[in-house]
Amino acid sequence: STFQSGVYARLDNPLISLFRFGIRVLQLVFAVASGTCYAIELSEGHRGSAFIYSQVVFGLTFITLVIDAVTLRSYRLTFLVESTICILWLALFGVFCNTYLSGQQLETEYQGVNIGRMKAAVWLDMIKFWLWLASALFSTVMCCSGVKSAIKGNMQRWRMRQSRANTRADGSEMEEGIFRDTSRARGRRSERLPLYEEIVAAARAG
């Protein structure tokens, strides 16, 4: 058993594979929708740092999704990346929610925008936060499954090595025991030979 075999064992379940595919599609769709809303405001001259930050988050999200598609079924550090993306979307939601949903007077850099579009973008940000949170939890479970499988495989290999070492030791002891028995038998025969010679010599002398 290895890390990848543990991950594969989980992903072989059709429901898990469908969940993974579905959540990736939703993450992409909602990211594009939200990113488009902010991009339109940027194109109309709203250069506030929050709007620029929204495009940075969208870019990181898109890059993460592309890399994840290329490195299919790789979950060693995926949960760390997805947790970071989740926090970035939560921060983006907090900034624009406090601006456009709190009912407070808008600051200068947030004025002149399409309020309806911005409110929609805020709720899209919240949906993306939950999607990435679910994805991060899923990746954490997959990573734990891989680590558990790797540990189990290492334990099995260690036991096999111990078994082989014990087998070799038993074989060596058996060979050593046979050698000792043979040496003792030869010693006993060598002890009887002088007695036989003495008997023959005595017979000849008689």
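The values are calculated or read from the model by the stated rules, or taken from the named source; none is laboratory data. Note that this is a predicted model, so its numbers are computed, not measured. We place every Cβ from the backbone using ideal geometry, glycine too, and count neighbours over all the protein chains shown.
Taken together, the criteria place S54 among residues that are buried (at least 19 other Cβ atoms within 10 Å of the Cβ), among the small types (G, A, S), over 20 Å from the mean Cα position of the chain (by Cα) and modelled with pLDDT of 85 or more.
Selection of segment 90-142 for residues being among the acidic types (D, E) and loosely packed, with under 15 Cβ neighbours inside 10 Å yields E107, E109. When you check R164 against the structure, is it under 27 Å from S43 (Cβ atoms) and either of a type in the set (D, E, K, R) or at pLDDT 90 or above (or both), yes or no? No; evaluated as a whole, the condition is false for this residue.
With over 18 Å from A39 (Cβ atoms), part of a helix (DSSP H, G or I) and not aliphatic (A, V, I, L, M) as the only criterion, which of G116, G94, G59, G103 stands out? Reasoning before the result, please.
On the way: G116 fails: over 18 Å from A39 (Cβ atoms); G59 fails: over 18 Å from A39 (Cβ atoms); G103 fails: part of a helix (DSSP H, G or I).
None of the other options fit; the residue is G94.
Got at least one residue in segment 172-189 being modelled with pLDDT of 75 or more, more than 30 Å from T71 (Cα to Cα) and in a helix (DSSP H, G or I)? No: segment 172-189 contains no residue that is modelled with pLDDT of 75 or more, more than 30 Å from T71 (Cα to Cα) and in a helix (DSSP H, G or I).
Scanning segment 57-70 for residues that are within 17 Å of F129 (Cα to Cα) and either more than 38 Å from the chain's Cα centre (by Cα) or surrounded by 14 or more Cβ atoms within 10 Å (Cβ to Cβ) (or both) returns V57, F58, L60, T61, F62, T64, L65. Only one of the numbered conditions (1) at pLDDT 80 or above; (2) of a type in the set (A, V, I, L, M); (3) under 19 Å from F21 (Cα atoms) is violated by M126, and that is (3). The set of residues from segment 105-137 being without any contact (Cβ under 8 Å) to a residue 40 or more places away in the chain and small (G, A, S) comprises just one member, G116.
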